[in-house]
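Encoded as structure tokens, the structure appears first; notes follow it.
The values are calculated or read from the model by the stated rules, or taken from the named source; none is laboratory data. This is a predicted model, so every value here is computed, not measured. Here the Cβ positions follow ideal geometry from the backbone for every residue, glycine too, while neighbour counts run over all protein chains shown. These accessible areas exclude ligands, DNA and RNA; they are computed on the full protein's heavy atoms, side chains included. Shrake-Rupley method; radii C 1.70, N 1.55, O 1.52, S 1.80 Å.
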Amino acid sequence: MSLLVVGLSHRSAPVSVLERAALHVDAQVKLLQDTVAAEPATEAAMLATCNRIELYADVDKFHAGVAELSTLLAQHSGVGLDELTPYLYVHYEDRAVHHLFSVACGLDSMVVGEGQILGQIKDSLARAQELHTAGRLLNDLFQQALRVGKRAHSETGIDRAGQSLVTFGLEQLASGTAVQDWALGKKALVIGAGSMSSLAAATLARAGVAEIVVANRTAERAERLAEILNDSGESDVVARAVPMDSVPDELTRADVVVSCTGATGLVLTAEAVASAVPGAGPERGWVAQLGADEVPPRFGSGAAPAARLPAGSAAEENCPLDLAPIQATPGFSVLGEAAVAGMAASELEQHAAWVDNAPRPQGTVALVDPLAEADAIAALAATAAVIGRVPERRKPEPVAEIPRPAPSLFLLDLAMPRDIDAAVHRLTGVRLVDIESLAEASADAPMAADVDQVRRIVADEVAAFGAALRAAHITPTVVALRTMAADVVAGEIARLDGRLPGLDDKQRGEITQTVRRVVDKLLHAPTVRVKQLAAEPGGAGYADALRTLFDLDPETVAAVSRAEDSTTDEEGRGSA
């Protein structure tokens with residue numbers, strides 16, 4: 001059997017794909033159960049975080065295993081296999097071990113060196129053990145990954161290379177200001193009471209916020225987190241718990257909001273955020289800042305020159321959607337992809353029909369040439385039909401810079417799928433940092449010199465784990481060989497008793513010990529050497545050679561393996 005991992009992460013897939021592929025806990029459980037029920041796999045474990053989804057399995061066939069695990073990921077995530085496949089990565093045997101050890105050390109994290117991943121790996125192992133989907137291989141692998149991660153953090157300065165995702169997110173919100181200075185005296189709302197939300201609350205408390213309100217669907221967990229914050233003694237923060245239905249009211253009082261829940265839908269809509277911030281509304285963009293005679297040409301290919309429209313042209317009326325009108329451009333309520341990002345396909349079609357039939361003032365010329373834009377419109381419509389909404393591109397090419405008002409509400413969304421509507425990015429007076437923003441910002445984050453030392457640790461540990469795994473593979477065969485030898489000795493001693501019944505106990509014992517010593521000495525060098533050879537790359541064939549040379553019963557070897565696996569599973573469940 002061989003280790004295989006199939007997955008996707010922030011390094012291989014855009015956040016929009018990760019968000020759609022995210023699995024809630026029940027779906028993860030079903031995926032693990034279906035994986036071990038499939039023919040190629042005998043063990044399975046899943047590592048699912050806010051920026052990665054990885055399925056680990058012990059398989060007997062590589063190609064069949066890749067096909068089966070990829071299909072199962074697509075089925076349970078709801079993302080079509082054809083769409084998911086370009087973003088999947090595959091690691092096999094030693095490369096799979098190297099990947100997990102790198103992940104455990106924080107080398108593959110969005111923020112290099114963060115230590116939260118160790119807790120997530122531990123939780124993944126515990127879930128697989130609870131479901132009995134982790135056998136000897138995955139128990140050993142995940143437990144060793146935890147040890148390697150702890151070693152990297154204790155022996156190197158990798159902690160200086162990165163921070164927690166929470167700290168990094170708060171730094172992005174602070175926009176160059178020290179987090180302690182930025183957070184001092186602010187009122188914070190934390191939505192969720194899990195590990196990430198708890199870390200966010202503790203980080204905000206240490207940063208100097210004056211108040212933390214915790215909202216969670218389970219009231220007891222929110223109350224417990226608030227109690228811990230009040231009793232910590234690390235700060236003077238005042239913490240209290242509220243039910244989830246109080247979030248809209250608390251939103252009007254908060255300066256900072258951190259959300260990380262397991263919800264499958266939005267926790268905060270753009271409308272809820274806009275209503276909580278005085279004066280907040282969709283950015284009208286650069287066109288709204290210009291006069292009626294200064295409408296610039298639309299950026300991009302196929303743009304036609306703008307027409308001079310009569311002064312005082314009326315804004316659109318009877319638009320079926322609540323969109324910000326663009327002054328001096330009758331018939332249009334949107335401008336470019338950014339304005340319709342996230343819009344459902346049905347809404348886009350409804351709005352397009354209204355635009356096509358809208359009356360236009362005499363003598364005006366459309367901003368966009370329909371013939372020149374035909375290909376772009378067809379591509380956008382096709383994409384919307386497939387995924388059900390217009391894809392979001394939150395960074396369209398800017399045509400003109402206009403100053404945004406300083407934000408009065410800061411939001412940090414650490415959930416996957418997202419808790420906070422991406423449309424909040426377009427609200428004035430609000431700053432939103434989400435997983436996608438963090439992925440973009442972390443791409444340029446500096447790496448510490450200690451990262452090289454961690455990479456050396458990972459390489460050494462991978463080699464040691466591979467050698468131990470290969471050596472363990474031959475152990476059942478060696479045990480079966482020694483068992484067969486002991487049976488031969490016992491048979492010969494019994495035959496000797498029949499031929500020499502007059503031997504006393506002392507004589508019989510001496511002869512028995514002599515025969516056993518001879519057998520042990522004959523087997524010692526070959527068994528030690530075969531273990532050494534089997535631990536080297538390509539040494540798996542020595543077990544087969546040993547079974548063939550000594551004509552060992554395959555069922556005896558298999559029985560030894562089952563007994564060892566059973567013992568290892570029990571030990572693993574006790575130490576996870």
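Express in Å², to the nearest 10, the accessible area of ASP231 obtained by rolling a 1.4 Å probe over the protein heavy atoms while all chains stay in place.
Probe radius 1.4 Å; accessible area of ASP231 about 110 Å².
Restricting to DSSP loop positions (anything but H, G, I, E, B) with no more than 10 other Cβ atoms inside 10 Å of their own Cβ, which GluC sites (Glu not before Pro) remain in the stretch 119-172?
Passing sites in the stretch 119-172 do not exist.
With all protein chains present and a 1.4 Å probe, how do HIS98, HIS524, HIS63 order by accessible area, largest first?
HIS63, HIS524, HIS98
To the nearest 10 Å², what's VAL458's accessible area with a 1.4 Å probe?
Approximately 0 Å² of VAL458 is accessible to the 1.4 Å probe.
Can you find, among TRP182, GLN144, SER198, the residue farthest towards the positive end of the dipole of the stretch 113-200? Put +1 on the C-beta of Lys and Arg, -1 on that of Asp and Glu.
Farthest towards the positive pole: GLN144.
Name the GluC sites (Glu not before Pro) in the stretch 50-96 that are in a loop by DSSP and that have at most 15 other C-beta atoms within 10 Å, would you?
Passing both the DSSP loop test and the Cβ count: GLU93.
Once you keep just the Cα pairs under 8 angstrom separated by 6 or more residues, what percentage relative contact order results for the stretch 93-166?
45
Determine the order of ARG95, ARG20 by accessible area, beginning with the largest, at a probe radius of 1.4 Å.
So the residues, ranked largest to smallest area, are ARG95, ARG20.
For a quick check of understanding: with a 1.4 angstrom probe and all protein chains in place, what accessible area in square angstrom does ASP60 have, to the nearest ten?
Only protein atoms counted, so the area is about 90 Å².
For the stretch 193-215 and the stretch 60-80, compute the distance between their C-alpha centroids and round to whole Å.
If we compute the Cα centre of each part, the gap is 39 Å.
Taking LYS521 as the anchor, which lysines have their alpha carbon closer than 20 Å to its alpha carbon, excluding any fewer than eight residues away along the same chain?
LYS531
Just to make sure I understand: if all protein chains stay in place, what is the order of THR483, THR548 by accessible area at 1.4 Å, largest first?
THR548, THR483
For the stretch 63-201, with only Lys/Arg (+1) and Asp/Glu (-1) charged at the beta-carbon, what is the dipole magnitude about the Cα centre, in debye rounded to 20?
The dipole magnitude comes to about 460 debye.
As an exercise, use a Förster radius of 60 Å and the Cβ-Cβ distance of ARG456 and ALA494 to find the FRET efficiency, rounded to the nearest 0.05.
Step by step, r from the Cβ atoms, then E = 0.60.
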